[in-house]
Amino acid sequence: MTSFISKMRGFTLIELVLVLFLVSFLAVVVEIPSLSSNHGLQAASLKVRMDIRRAQQFAMTGNLNYGVNFSSNGTYSIYQGSVGNVATDPLTNGSYQEDLPARFRNVSIQAPFQVEFDPVGRPVIGGGGSLTLISGGVSQVVQVSSNTGAVNLP
């Protein structure tokens, strides 16, 4: 009987728990850098989508054309009627302008883009187009539907 027990091999519960702990720890350590590198890009794309929708809501409630003009230096503004007439932010009573690189570190806009909505909420400029945000070699595309003006991520 002693020879049978000595031939049995296996892992103890402590060894299994230690291996599971090490594998879990390594998975977390590997995942954290990828989460933090995309966090700013995800937040910036959410801000851009909300501001495009806000311009659409302004157009529908104000019975005027409103739009968003994005420049390649990373800034954009919501405008009323024409690009030079920057809309007023109802929360701050200041100009509705945003500087993405200042707010979200290392986030930039690939190319200029403009979208404008009529009082019904349909895009009259930029419908069917897209805006690409870039951060550290990773990109996020924000698309504007041509018929409805819906703002989506592909």
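Overview of values
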item	result
Residues (exposed (fewer than 15 other Cβ atoms within 10 Å of the Cβ), out of contact with any strand residue (DSSP E or B) (no Cβ under 6 Å at 6 or more places or on another chain) and of a type in the set (Gly, Ala, Ser)) located in the stretch 130-149	Gly136, Gly137, Ser145, Ser146
Given (1) out of contact with any Ser or Thr (no Cβ under 7 Å at 6 or more places or on another chain); (2) modelled with pLDDT of 95 or more, number of the condition Asn69 does not satisfy	(1)
Restricting the stretch 58-75 to residues that are touching a residue at least 60 places away in the same chain (Cβ under 8 Å) and assigned to a helix (DSSP H, G or I), the residue that is surrounded by the fewest Cβ atoms within 10 Å (Cβ to Cβ)	Met60
Total residues in the stretch 78-96, condition within 24 Å of the chain's Cα centre (by Cα), surrounded by fewer than 21 Cβ atoms within 10 Å (Cβ to Cβ) and hydroxyl-bearing (Ser, Thr, Tyr)	3
Filtered residues of the stretch 117-154 (kept if outside any strand (DSSP E or B) and over 25 Å from Ala87 (Cα atoms))	Gly136, Gly137, Leu153, Pro154
Residue list for the stretch 79-111, filter: at pLDDT 95 or above and either among the small types (Gly, Ala, Ser) or farther than 21 Å from Leu64 by Cα (or both)	none
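The values are calculated or read from the model by the stated rules, or taken from the named source; none is laboratory data. Keep in mind the model is a prediction, meaning the values are calculated, not measured. Every residue, glycine as well, gets a Cβ built from its backbone with ideal geometry; the counts of neighbours run over all protein chains shown.
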